[in-house]
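J.: One structure, as structure tokens, below. Some questions next.
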Amino acid sequence: MNGTPNNNKVQRQNSPMIVMLKQHATGKKNTAISGQHYLLLLSTLATLGTLIAYRAILSYENADSYISELANAPPPLRTSTTVRDDAPHAPFKIPEVRDDDDDVEDDGLQFFMLQPNRDGLGSEYTEDESEDAEEEAMKENNAKKKNNVNKKKEKEEEEAILKAKETSIRIKNFNALDPPKDVLAISATRQDKIDFASIAKKWELAKTSIGLLKQIHSRTVAFDYNRTTDILSLRHPLKTGGTSISRMLEDMFPGRSIPGSGYSNWFQWKHLKEALKTHDKPDDPYWTNMAAFYTHSFLRPSDGGRKNNLLEEIRKQAPALREKRFRLMTIIRRPLDLAASSFYETQCRIGTFADQRSIKDIKDCQKVNLTDVMQKNIDHWTGKCNAKDRDEHRCRKMEAKGIDKIFEHCGSIEKLFEKGTVHNMMQTSLMGDFPRPPELGDDVSRIGENLTPTLQDVSTYTLRDLGGLIDFHPKHKEDFVWFAITERFKESMCLFYYRFQVEPVEEKKSLYKTCRPINVWTEEQKATHIKNEDYDYTVWKAANAIMDIRMEDMRLEIKARIQAGEKLEEIPYVGHGCYEREPSSSD
């Protein structure tokens, strides 16, 4: 406490403990000293070095004179004293004191005994009041922190809205550069032989799509693929056959896949971090030789860039990959088959709970009791969440939603339709925020400008993006250089081998199920799903039109080479069965 000795004296005389002593000693306040006050009294007397007054307080007739003497006592040195066990009423030994009034402020009890009031004088301040003040101060501090966090979030949201708008407008107005003249010249020799109008009609595309199909054709698959700088990056949507393609990519590029890739896994960060510790130099050949990447994880940002920024994060973590270009690939599957497979395996594990996984002969596949499957799912997860070693995070989420509610749709296809877990399955899973289902309407704060307000716009956008006409990233491209169609697996891989100039590898058939998931559905349920999924079918049809163009272009090129004198078996990168001679043709 800073101040003159006189001020210290006044403050001591007005101390709440001194006032209490006066009242008790003179009988002005007819109350007993509480246990809390008694302890505080002893602490005060010990701190002031005047415990000798403990006996004197009982014999003083004039309390005021005693209190005055007590108030005028100098502060004690902080040294320990002892009381003789054989003399319980003997006074404590008073140590030599320092003439140092300013030291009183160092005593911890001063916080409870004396606090300055608005006039700068002493005022009573109890321990309870102190705790209340601390609590209020803490609340005020927390409110300030929360306010700062909210302001930060508001700023981040404003930036996200602006970024989403800029991205959507850039994509809308993006015009792909023309391929080199030699590429254009070669593709032009085949263009007149392709019936673009028939292909558009076959896949129910608008006539205005014909121009886009021709533009896609002029950009031969992989015409600008660079083996040194480019990483072929497969976004593997669940239940599309991506495990087979991932394993084939590893066979094509052994030991050259991004660490963290997975045949049937989401990206494994721990593997990337381990590789960064082992190969810590940017010019390490380990990194410069990277050629492939495959994962369930989304490779395009979504929600206006707020989610799924995987490629950006990889570049931050691995400096050696910052100059690499991730060229995107994905897989499209017929919506009905995709929905049936998702329901059968991912959502309800019918193969497991209907005992069909080990069946080798399709004749042994029996009709599935979906009610029984639903109950087994509920029982399975109820048991897991009642176990001591339960997955706490997962079980809490499931229990909050209700385990029976989570799996109720496994009891019937009609419940599946109601729940909507097989509706618009291609939204965000392939290309990011777009194409957006028209039924969702506009949400400019989340996606910027809506580029696909109609199904025709969905078709046009799909043609542009899957057709390789959009560079999603202004520097690193992140464009689609290739995609597969599950029902056209063989054709898709033939196109890959020939255009990327990769030697064909053994075809894999991973996770193939003898008992087909679609067999659980009735014909009426299939028709209902097809009717409900116009968005997914629009994407699928546009993809098939692109595949038709590319396969016909490849066939025409191989035919021209044969006619020029090359033998089919000597043409490199043509897989077995990838080219069929035309009937009554000599080539």
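The values are calculated or read from the model by the stated rules, or taken from the named source; none is laboratory data. All values reported here derive from a predicted model rather than from experimental measurement. Cβ sites come from the backbone with ideal geometry, for glycine too, and all protein chains shown count toward neighbours.
J.: Any residue at all in region 410-420 that is part of a loop (DSSP other than H, G, I, E, B), among the polar types (S, T, N, Q) and modelled with pLDDT under 95?
T.: Within region 410-420, none of the residues are part of a loop (DSSP other than H, G, I, E, B), among the polar types (S, T, N, Q) and modelled with pLDDT under 95.
J.: OK, next. Condition first: farther than 17 Å from D534 by Cβ, touching a Ser or Thr at 6+ places or on another chain (Cβ under 7 Å) and hydrophobic (A, V, I, L, M, F, W, C). Now tell me which residues in region 408-447 satisfy that.
T.: I447 - this is the single residue of region 408-447 that is farther than 17 Å from D534 by Cβ, touching a Ser or Thr at 6+ places or on another chain (Cβ under 7 Å) and hydrophobic (A, V, I, L, M, F, W, C).
J.: If we keep just the residues of region 132-168 that are of a type in the set (S, T, N, Q) and under 11 Å from G305 (Cβ atoms), which is surrounded by the fewest Cβ atoms within 10 Å (Cβ to Cβ)?
T.: This residue is S168.
J.: Okay, moving on. Return yes when D224 is within 20 Å of F480 (Cβ to Cβ), among the acidic types (D, E) and under 32 Å from the mean Cα position of the chain (by Cα) and no when it is not.
T.: In short, no.
J.: Being over 29 Å from L469 (Cα atoms), part of a loop (DSSP other than H, G, I, E, B) and in the same structural domain as S412 (by TED's automatic domain parsing), is that true of even one residue in region 528-547?
T.: no
J.: Additional query: Quick one: how many residues across region 333-353 are part of a loop (DSSP other than H, G, I, E, B) and under 18 Å from T522 (Cα atoms)?
T.: Matching residues across region 333-353 total 2.
J.: May I pose another question? For R446, indicate whether it is within 30 Å of E158 (Cβ to Cβ), at pLDDT below 95 and of a type in the set (K, R).
T.: yes
J.: For the condition outside the structural domain of I447 (by TED's automatic domain parsing), part of a helix (DSSP H, G or I) and of a type outside the set (A, V, I, L, M, F, W, C), what is the one hit in K367, K388, K384?
T.: It is K384.
J.: Could you count how many residues in region 294-324 are surrounded by 21 or more Cβ atoms within 10 Å (Cβ to Cβ), part of a strand (DSSP E or B) and either out of contact with any Leu (no Cβ under 6 Å at 6 or more places or on another chain) or not assigned by TED's automatic domain parsing to the domain that holds T486 (or both)?
T.: 1
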